[in-house]
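What follows is a single structure, written as C-alpha cells, with notes after it.
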Amino acid sequence: MFEHAGLCRSGHVVAWGINDFGQLGNGSTVYATSPGQVVGLEDIAVSDIAAAGWHSLAITTSGGKAASSFVSVSSGTQLKL
C-alpha cells in the first residue's frame, strides 16, 4: 500500500495509505485503510491535487498552493496538514 490522495467534488481533499512520516496530513503517523479528510484544508476549496512518494500538493481554487511536507507554498506559512 502507498500514499493515496483524492479530491472530492466539494473541493475537500482526502488521503489514505502509508503514513510513516505524517504525509497523509491527518495529524498522526498511523496507516489509514480508508480515506480521511486532510487536516488544515477543511475550509479551503481545492481545485487540483498531486501525490507522489512522501509528499502531496494541493492547489486552491484561488490559486494558492499547500504542500504536505507541510508548508504553504504561496505564503511560506507552516501547515501541519
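Readers should treat all values here as calculations from the given coordinates under stated rules, not as data from a laboratory. This structure is a prediction, so every number in the text was calculated from the model and none was measured. Cβ sites come from the backbone with ideal geometry, for glycine too, and all protein chains shown count toward neighbours.
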Revision key, fill the gap. Expected sort for 33, 60 with the fewest Cβ neighbours (10 Å cutoff) up front is 33, 60
Study note, to complete from the structure: Computed curve, the range 4-67, Cα-only Debye sum without solvent term, log₁₀ I(q)/I(0) at 0.12, 0.13, 0.20, 0.22 Å⁻¹, is -0.24, -0.29, -0.68, -0.82
